[in-house]
Amino acid sequence: VISMNNLQQRLNTIRNSNTMIKDVRAHIVTFERTVSSPDGVEALDEDHFLNVRVPKGVKGAQIILYNGDYCLSTLQEGSVSVRNPLYMIEVRLDAAAIGETLNTLNIYDGSHTILLINGEGLIPDSDESLGIYQADGSEKIAGDQFELLSYQGVAYYRAVASSRQLDATLVRYMPTEIIRNVTTMPTFWFWIILISALCVTLI
């Protein structure tokens, strides 16, 4: 009991360490128990365990979509010969908090960010971003790309970056007008400084 309580306290520490974490669970197969950060010790739900466990042959943590939850899970297996799982750590992610974090990446006005997970999960930073993505068409997004598109009369650059380890893809839409203004600013200040220097020289 003491060990289970200590484990729950550690799980609570993990949950409180990041606003994007909704729940942390330790599934202990050998004891057929699950320790949850908010709920304590309960019986192991075998169906849930099998659906959120990391697929065989995949190393490291994976984000798995199950029953509407995004679960980041990692499995600790037993001996090499038997390969029985000892325990699994499951971190349930808060999709709304992830969307708010994605919104902080939009440093330019009018830009949008979307996170795709396992080809099924989709977390947008806003409803407008979701509309752009749906109009864009997910079949066009594959691998790392940088392309031009238009949505409701606004031209955007679409930038795509993928992570094979997490099986996730980050899609960003940036208005072309903003990019052009940023890239032309150094040229503008160059001419201002040059003209000012010429005026000082003439004086």
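Numbers below:
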{"quantity": "Matching option when the condition is modelled with pLDDT under 85, hydroxyl-bearing (Ser, Thr, Tyr) and within 18 Å of the chain's Cα centre (by Cα), among Thr104, Thr74", "calculated": "Thr74"}
{"quantity": "Residues that are of a type in the set (Val, Ile, Thr), touching a strand residue (DSSP E or B) at 6+ places or on another chain (Cβ under 8 Å) and outside any strand (DSSP E or B), drawn from the stretch 86-113", "calculated": "Ile98"}
{"quantity": "Scan of the stretch 18-30 for residues that are more than 18 Å from the chain's Cα centre (by Cα), of a type outside the set (A, V, I, L, M, F, W, C) and open to solvent by less than 60 Å² (accessible area, probe 1.4 Å), ordered by number", "calculated": "Arg25, His27"}
{"quantity": "Residue match in the stretch 8-17 (condition: touching a His at 6+ places or on another chain (Cβ under 8 Å), in contact (Cβ under 8 Å) with a residue 24 or more places away in the chain and buried (at least 18 other Cβ atoms within 10 Å of the Cβ))", "calculated": "no"}
{"quantity": "Unmet requirement for Glu42, which otherwise passes all of (1) touching a strand residue (DSSP E or B) at 6+ places or on another chain (Cβ under 6 Å); (2) surrounded by 14 or more Cβ atoms within 10 Å (Cβ to Cβ)", "calculated": "(2)"}
{"quantity": "The stretch 80-97 - residue that is open to solvent by 60 Å² or more (accessible area, probe 1.4 Å) and out of contact with any His (no Cβ under 7 Å at 6 or more places or on another chain) and, of those, modelled with the highest pLDDT", "calculated": "Ala96"}
{"quantity": "Tally of residues being crowded, with 17+ Cβ neighbours inside 10 Å and of a type in the set (Asp, Glu) across the stretch 98-133", "calculated": "1"}
{"quantity": "Selected residue [modelled with pLDDT under 85, within 25 Å of the chain's Cα centre (by Cα), farther than 23 Å from Gly60 by Cα and open to solvent by 30 Å² or more (accessible area, probe 1.4 Å)] from Leu148, Leu166", "calculated": "Leu148"}
{"quantity": "Qualifying residue in the stretch 15-23 (condition: part of a helix (DSSP H, G or I), under 24 Å from Gly68 (Cβ atoms) and modelled with pLDDT of 90 or more)", "calculated": "yes"}
{"quantity": "Subset of the stretch 95-136 (residues that are β-branched (Val, Ile, Thr) and more than 18 Å from Tyr156 (Cβ to Cβ))", "calculated": "Ile98, Thr101, Thr104, Ile117, Ile123"}
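The values are calculated or read from the model by the stated rules, or taken from the named source; none is laboratory data. Here the structure is a predicted model, which is why all the values come from computation and not from measurement. Every residue, glycine as well, gets a Cβ built from its backbone with ideal geometry; the counts of neighbours run over all protein chains shown. Accessible surface areas use protein heavy atoms only, side chains included; no ligands, DNA or RNA. Shrake-Rupley method; radii C 1.70, N 1.55, O 1.52, S 1.80 Å.
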